[in-house]
Amino acid sequence: MHTNRIDHIGIAVRSAQERLKFYKGFLGLQVTDIEELPDRGLRVYFVKVGDTRIELLEPMSDNSEVSGFLEKKGEGIHHIAFNVIGIDDAVRLAKESGLQPLSEEPKMGAGNTRVLFLHPKTTGGVLVELVEGAH
Ligand code: CO
């Protein structure tokens with residue numbers, strides 16, 4: 001597996017419209033894509049920052065992928081995503097390295113990417129997302 005760059009930083013928000021006052025209004029950044037991922041209960045807003053992106057994760061329902069996080073910790077940084085080549089090897093390599101993948105194989109992510117999450121208890125407290133594919 002080869003790691004290219006930080007693909008995006010995922011931030012859990014209660015209301016993207018509210019938070020975009022900061023990202024668009026203050027920082028002057030642009031939303032390049034809005035995507036609904038119903039099986040994960042998420043509406044995702046991608047905000048371009050140079051070569052990387054901020055991913056605002058807004059729950060569409062009470063059992064979304066970020067609902068537990070928002071309840072426990074409130075809004076804030078949820079994960080860091082690394083863009084990689086060779087994600088098909090990632091599950092095996094992660095296990096060999098004592099890391100805990102959150103699924104047995106990569107899943108479909110936003111924008112036709114394939115993604116794999118690594119449990120934060122095995123990465124020093126950071127929920128890590130590996131992403132393969134273009135933005
Ligand atoms: Co992400």
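The values are calculated or read from the model by the stated rules, or taken from the named source; none is laboratory data. Everything numeric in this text was worked out from a predicted model, so none of it was measured. Methodologically, a virtual Cβ is constructed for each residue, glycine included, from the backbone with ideal geometry; neighbour enumeration extends over all protein chains shown. Just so you know, the surface numbers come from the protein's heavy atoms only, side chains and all, with ligands and any DNA or RNA stripped out. Shrake-Rupley method; radii C 1.70, N 1.55, O 1.52, S 1.80 Å.
If you check Glu75, Glu65 for being open to solvent by 20 Å² or more (accessible area, probe 1.4 Å) and in contact (Cβ under 8 Å) with a residue 40 or more places away in the chain, only one passes: Glu75. Being away from the ligand (no atom under 12 Å from the Cβ) and either open to solvent by less than 60 Å² (accessible area, probe 1.4 Å) or farther than 27 Å from Pro106 by Cα (or both) holds for only one residue in Ala12, Ala16, and it is Ala16. From the list Phe46, Phe69, the one residue that fits, being within 16 Å of the ligand (Cβ to nearest atom) and part of a helix (DSSP H, G or I), is Phe69. Among the residues of segment 78-92, the ones that are open to solvent by less than 60 Å² (accessible area, probe 1.4 Å) and outside any loop (DSSP other than H, G, I, E, B) come to 9 in all. Residues in segment 19-43 that are within 12 Å of the ligand (Cβ to nearest atom) and free of Cβ contacts under 8 Å to residues at least 60 places away in the same chain: Arg40, Leu42. Scoring Met1 on the criteria (1) under 17 Å from the mean Cα position of the chain (by Cα); (2) open to solvent by 70 Å² or more (accessible area, probe 1.4 Å); (3) more than 13 Å from Glu58 (Cβ to Cβ); (4) of a type in the set (A, V, I, L, M) leaves a single failure, condition (1). Taken over segment 102-135, the residue count meeting the criterion of being more than 15 Å from the ligand (Cβ to nearest atom) and either among the acidic types (Asp, Glu) or not in a loop (DSSP other than H, G, I, E, B) (or both) is 4.
Mind listing whichever residues of segment 85-101 are within 16 Å of the ligand (Cβ to nearest atom) and under 23 Å from Ala12 (Cα atoms)? Can you show your working first?
Residues of segment 85-101 within 16 Å of the ligand (Cβ to nearest atom): 87, 90, 101.
Pro101, the sole residue that qualifies.
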